[in-house]
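Taking it in order: structure first as structure tokens, then the write-up.
The values are calculated or read from the model by the stated rules, or taken from the named source; none is laboratory data. Everything quoted here is computed from the prediction, not taken from an experiment. Neighbour counts run over all protein chains shown; Cβ positions are idealised from the backbone, glycine included.
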Amino acid sequence: MKQKLSARQQAILNFIREFAEANNRPPTVREIGAGVGVNSTSVVAYNLNQLAEKGLLRRNRNISRGIELPDAGIPHDDSILVPIVGTIAAGQPIEVPESLPDPQTWDETVKLSPSMLPRRSDQIFALRVKGYSMVDALIGDGDIVLMRPQRTAENGETVAVWLERERTTTLKRFYREGDRVRLQPANVTMEPIYADPDDVQVQGKLVGVIRYLQ
């Protein structure tokens with residue numbers, strides 16, 4: 001039985017097919033939006049999900065251009081998109097978003113091979129580092145750190161920590177010391193941050209660093 005599609009869904013399906021045939025790869029969400037005249041990536045994503053539910057395409061939100069048409073010979077790209085959700089100051093704490101976006105609709109992403117990521121990479125997010133407080137841990141200004149969301153930390157782990165009272169986030173090594181938490185920079189010229197445990201919320205654990213050499 002032929003699936004009943006809205007005019008927009010049919011236009012999106014047609015565009016994906018034509019784009020894939022012309023470029024030998026599937027389009028991104030933003031390319032689809034531009035191709036069918038839809039500015040909102042969330043609207044495009046909604047209609048892609050509707051097409052997927054009808055069995056007319058397959059989606060993998062964690063893979064670059066993760067759209068497949070069952071009857072089209074589109075080469076499969078298994079690269080993984082990791083969203084860069086903000087900038088974290090390794091010297092002075094600043095705020096970063098608390099929720100993870102859909103990588104396909106995020107403004108800035110980093111594209112990585114699956115071999116570069118740990119298992120369970122679907123929740124990995126990235127932060128761009130500003131500052132030099134972690135330089136002795138080989139994390140410098142402008143580097144991108146890959147983080148796995150988690151709410152607890154062991155002593156010595158490098159984590160992104162939300163300081164509730166200050167409403168800020170910082171990247172530091174985590175240590176529990178009696179009735180306080182020490183957030184230790186990896187820079188011998190800088191002093192640690194001491195905080196009440198109730199004021200500290202671990203947001204994620206460091207799992208990788210990307211450095212672009214000039």
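Screening Ile124, Ile139, Ile193 for residues that are hydrophobic (A, V, I, L, M, F, W, C) and surrounded by fewer than 20 Cβ atoms within 10 Å (Cβ to Cβ) leaves exactly one candidate, Ile193. When restricted to residues that are surrounded by fewer than 19 Cβ atoms within 10 Å (Cβ to Cβ) and in contact (Cβ under 8 Å) with a residue 12 or more places away in the chain, the range 14-29 contains 5. When the criteria are applied in full, Thr168 meets the requirement of being modelled with pLDDT under 90, surrounded by fewer than 18 Cβ atoms within 10 Å (Cβ to Cβ) and not charged (D, E, K, R).
Mind checking which residues of the range 1-39 are among the charged types (D, E, K, R), in a loop (DSSP other than H, G, I, E, B) and out of contact with any Pro (no Cβ under 9 Å at 6 or more places or on another chain)?
Lys2, Lys4
Checked against (1) in contact with a Lys or Arg (Cβ under 6 Å, 6 or more places away or on another chain); (2) more than 22 Å from Glu108 (Cα to Cα); (3) not hydrophobic (A, V, I, L, M, F, W, C), Lys54 meets all criteria but (1). Residue check: Ala11 meets all listed conditions (1) touching a residue at least 12 places away in the same chain (Cβ under 8 Å); (2) under 23 Å from Leu81 (Cβ atoms) but one, namely (2).
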